[in-house]
Amino acid sequence: MPTPCLTWGETRRRLGEDEARIRDMLRARFGVEPVLLLFDPSWRCVALHRAAHCLWRRGARKSARLLVQLNSVLTGADIHPNCDFGGGLLIPHPAALTASGNAGRNLTMMPLSGIGMLPRPEDVGAGPGLPVLGDDVWLGAGCGVLGPVRVGDGTRLQPGASLTRDVPRDSLVEMAARPVPGGPRVSGGGLPVTRPACGHGRWAVVRGDLAADIDRYLAVREPGAGAAPGALRRLGAALSTEVLGVAIYRVSHGLHVAGWRRLAAIVAAANAFLHRLTISPESCLGGGLFLPHPAGTVIDAAAGRDLTLYARTLCAAGATGGPAGPGPVIGERVVIAGMAAVLGAVSVGDDSRVGFNVQLRQDVPPGHSAGSPVMRTRVGSLPAAPEEVPAERPVSPVGYADTLALLRADLARLRAGAGGRVPLSARLCVTGFRHARFFAGRGRRRLARWCWWWTTRLTGADIDPRSDIGPGLVVAHPAGISVHATAGRDLTVGALAVIGPQDASRPLAWGTASRPVLGEGVVVGEHAAVHGAVRVGDRARIGAGCKVTADVAAGAALEMPAPRLRRASAGQAGEEP
């Protein structure tokens, strides 16, 4: 376990090791020497965390939390200031990443990964319920290390894996549940559902629900602070990232119900820009909403009181690439764990739980839980990294007239799928990528990087400028997605999907020869991942939650197995990250 970082000298030393790894990654990604690291989200995320951690250990807790909130706004990352990480921290894409725990040197956290707590009293060195990771640990996309566990040096977690027990050094943690053939299995409509009555056309109701949100935040975050918080404490809670994002949603929903639809959309877009939080103004959510990690969350649903959504969760209508329809209806006191999704016209009953990484398309009766896929740990020597790297694929030039034609095709397909209303973040995402791709093809690598930076800053999306993608690209919810690939026309990328290299801890892995090649009409669903130098055939569909590391035949459709339903235990709590 790293030595507590108590001095600014130790902080600068660790940040120097971080900078060396980040520079190696940026050279491999963009082909130029990075000059202004201040504007790079990876470096800015790590630097803000280092400063916050030092302030936290020196007793300046409020200043540390302010830097954490600034980090969340600027990069989308939510890293607790008490996290003690050794030097060489590498976070290629910080948007919607979460961390609470300790780790050794050279930790690599791929997009949408996280470490966090389970409500257990055990303390293995990072605090009650928190994990401790060794040196040279690699977390794949969408991974989670949960609870008071120890992870040995050199351990790798494959995409989507969840670890809740100790593992020795040089372990490989994989998902036991594999994608199976077949289209989406939607089994909603079996339970009697009553949508909650919406009284948010009156601002008194909106203020009442917001007060309930603040009370819930204080009850969870400060359980021992007393039953009657003062005005100063309530103001501090209202200005936190968690409550502020919910407050902005409350205003947008109230404006929508009152008939101010365009203004409501503008307020919702501001929430997506500030907090990477997407809640449609149409969504009607009861008071007591708790979002401990708002970045990357997508909500288009109706829900009762005291809903809890952990990191990178989705509650939306329909599946990516499918027809639009009504969204889910969620009852009261429901907890949805990290990387989980509730998709389609399904109902989730009161006091229910949805587990980590569950992609739910079926009704859940009241008082039941939907279990996440069981994980398998393989202990032993990791496969050796290949010594030879395939030859790079050249970045073909694209004329500006062709770039505009590609952009028009993207926007036309976006409008067709969104009923004519294209979200601002989706427009900015494809516009920024097409211009970055134009400059990359012309050899203007620094201009390409600046276009990429602006796109990442405004939308939270990471689409490599060297990605050769045909017309008709659709990214409806950009926050948190990462795309490093070659693809044909009509590519659809679902919310919080990742397409890219398998082992980004090595700079050589960022080359164009180490990334996936996708055919035409491919759909990569919500929380899905395609990793490594694999090929995905035309019109293939990678369903929600599927993690692909091998070739996929043309026309294939992959889905995750249905979750297991069982009665929830009394007092069962949610899971982080």
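The values are calculated or read from the model by the stated rules, or taken from the named source; none is laboratory data. As the structure is a computational prediction, the values presented were derived from the model and not from experiment. Neighbour counts are summed over all protein chains in view; Cβ atoms, including those assigned to glycine, are modelled from backbone coordinates with ideal geometry. With ligands, DNA and RNA removed, areas are computed over all heavy atoms of the protein, side chains included. Shrake-Rupley method; radii C 1.70, N 1.55, O 1.52, S 1.80 Å.
Entry comment: accessible area of the chain is 38 Å² per residue, from protein heavy atoms only and a probe of 1.4 Å. Measuring nothing but how far apart in sequence close Cα pairs (under 8 Å, 6+ apart) lie, relative to its length, the range 32-190 scores a relative contact order of 13 percent. Label positions at Thr549 and Arg262, each projected 7 Å from the Cα along the C-beta direction, are separated by 5.1 nm. Near the amide H of Asn106, within less than 5 Å, lie the amide hydrogens of Gly87, Gly88, Leu89, Asp136, all on another chain or at least 5 residues away, with H placed in the peptide plane. A Cα-only calculation for the chain places Rg and Dmax at 22.3, 66 Å.
Please arrange Met109, Met560 by accessible surface area, largest first, computed with a 1.4 Å probe and ligands excluded. Before the final figure, lay out the partial values.
Values: Met109 0, Met560 25 Å².
Highest to lowest solvent-accessible surface, that is Met560, Met109.
Going by the alpha-carbon gyration tensor, a ≥ b ≥ c the square roots of its eigenvalues, is the range 461-500 rounded (a/c under 1.5) or, if a/c is not under 1.5, prolate (a/b greater than b/c) versus oblate? It is oblate, given that a/c is not under 1.5 and a/b is not larger than b/c. Could you work out what % of the accessible surface of the range 1-103 is carbon and sulfur, using a 1.4 angstrom probe and leaving DNA, RNA and ligands out of the count? That fraction is 61 percent.
The residues packed around His368, meaning those with a beta-carbon under 12 Å from its beta-carbon, carry a net charge of +1 if Lys and Arg are +1 and Asp and Glu are -1. Taking the charge dipole of the chain about its Cα centre, with +1 at Lys and Arg Cβ atoms and -1 at Asp and Glu Cβ atoms, the residue from Met175, Thr403, Gly129 reaching farthest to the positive side is Thr403. Taking all protein chains as shown and a probe of 1.4 angstrom, Arg150 keeps an accessible surface of around 120 Å².
For the range 19-162, just say rounded, prolate or oblate: build the C-alpha gyration tensor, square-root its eigenvalues into a ≥ b ≥ c, call rounded for a/c under 1.5, and beyond that prolate if a/b exceeds b/c, oblate if not. Taking the square roots of the gyration eigenvalues as a ≥ b ≥ c, the range 19-162 is oblate. Note on Thr459: accessible area is roughly 10 Å² with a 1.4 Å probe, heavy atoms of protein only. Over the range 124-173, Cα pairs under 8 Å with separation of 6+ residues give a relative contact order of 33 percent.
Projecting the Cα atoms of Leu291, Leu424, Ala370 onto the dipole axis of the chain, where Lys and Arg carry +1 and Asp and Glu carry -1 at the beta carbon, places Leu424 farthest toward the positive end. Normalised by the number of residues in the chain, the mean separation of alpha-carbon contacts (under 8 Å, six or more apart) gives a relative contact order of 12 percent.
If I compute solvent accessible area with a 1.4 Å probe over the protein chains, what percent of it on the range 230-344 is carbon and sulfur? In the range 230-344, the share of accessible area belonging to carbon and sulfur is 68 percent. Ignoring the sites themselves, the chain has its longest run without GluC sites (Glu not before Pro) in a DSSP loop having at most 16 other Cβ atoms within 10 Å at 123-386. Helix by helix through the chain, keep the DSSP H runs that span 20 Å or more along the axis on Cα and average at least -1.0 on Kyte-Doolittle, and give those back in order. Span-like helices in the chain: 41-57, 61-75, 203-221, 241-257, 261-275, 400-417, 424-441, 445-459.
Give the percent of DSSP beta bridges with both residues in the chain that are antiparallel, rounded to the nearest 5. So the antiparallel bridges in the chain amount to around 15 percent.
Dipole of the chain, Cα-centred, from +1 at each Lys and Arg C-beta and -1 at each Asp and Glu C-beta, to the nearest 20 debye?
In debye, rounded to 20, the chain gives about 1060.
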